[in-house]
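**Student:** One structure is given below, represented as structure tokens, and several questions about it will come after.
What follows draws every value from the coordinates through simple rules; no lab data is involved. Since we're looking at a predicted model, the values are computed, not measured. Note: ideal-geometry Cβ built from the backbone for every residue, glycine included; neighbour counts use all protein chains shown.
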Amino acid sequence: DAGVIQSPRHEVTEMGQEVTLRCKPISGHNSLFWYRQTMMRGLELLIYFNNNVPIDDSGMPEDRFSAKMPNASFSTLKIQPSEPRDSAVYFCASRGLAGANEQFFGPGTRLTVL
Amino acid sequence: QKEVEQDPGPLSVPEGAIVSLNCTYSNSAFQYFMWYRQYSRKGPELLMYTYSSGNKEDGRFTAQVDKSSKYISLFIRDSQPSDSATYLCAMTARTGGYNKLIFGAGTRLAVHP
């Protein structure tokens, strides 16, 4: 099992540019989560999908952030336009059963916005 | 006040020491309690998971939950350099029809030979 796959692993971009982060959940998992981790705020949930449908997007910081899950094996998190304060590590996690609690995290994408 | 409080450390101990990591929480609705371990530049991975008050043991690791005091702990016996990582406590709350994970800030642990 390859686990949760995220790409790119590192992204350096300039303020104002569009950034797209990608995630492939574990096959068979029907829940997907996007998190952001910073030193100041720790690990924060941005958005939760269940069966490809966004269920909780209350953690999305503002309209510059958007997320999609067009099918069960792929999700994107887009930031447009990016700002230096978006610099963080972004994690994708997936979960098997709706009633389960364990989330499996990907390796993360380290984003630096200059 | 944050829902989950965790001392960020860092905590530095010699190999073989007993390590105690702790979290307090304010929401009495939290149901499940977990400890995740995160190595540098990796994603968090589940280490221990418990539901009820009391102790749960797994090898050198013991998770303890005291719901009356809203306090959870993770003990590591005979700590090893390979235990050096950040340890995040996490708790679930039923929110909007699903179990949402709320994480502590994480405690950075260094075990030196």
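**Student:** By how many nm would the segment from A:M15 to A:R64 lengthen if fully extended, with 0.36 nm per residue of separation less the alpha-carbon distance?
**Tutor:** On the way: separation 49, 0.36 × 49 = 17.64 nm, distance 1.24 nm.
Separation in residues times 0.36 nm, less the Cα-Cα distance, equals 16.4 nm.
**Student:** Return the FRET efficiency for the residue pair B:S73, A:Q80: r is the Cβ-Cβ distance, R0 is 45 Å, and the value is rounded to the nearest 0.05.
**Tutor:** Numbers: r = 43 Å, r/R0 = 0.96.
The computed FRET efficiency comes out at 0.55.
**Student:** Same structure again: Using only the Cα atoms of chain B, build the gyration tensor, take square roots of its eigenvalues as a ≥ b ≥ c, and label the shape rounded, prolate or oblate: rounded if a/c is under 1.5, else prolate if a/b is larger than b/c, else oblate. Intermediate values should be presented prior to the final figure.
**Tutor:** On the way: a/c = 1.96, a/b = 1.64, b/c = 1.19.
Verdict is prolate for chain B.
**Student:** In whole Å, how far is the Cα centre of the range A:42-64 from that of the range B:1-26?
**Tutor:** Using only Cα atoms to place each centre, the spacing works out to 28 Å.
**Student:** While we're on this one: Would you kindly calculate the translational diffusion coefficient of the range B:23-89, applying Stokes-Einstein with the Kirkwood radius from alpha carbon pairs, for 25 °C and a viscosity of 0.890 mPa s, and quote it in µm² s⁻¹ without decimals?
**Tutor:** Details: Rh = 12.6 Å.
This corresponds to a translational diffusion coefficient of 195 µm²/s.
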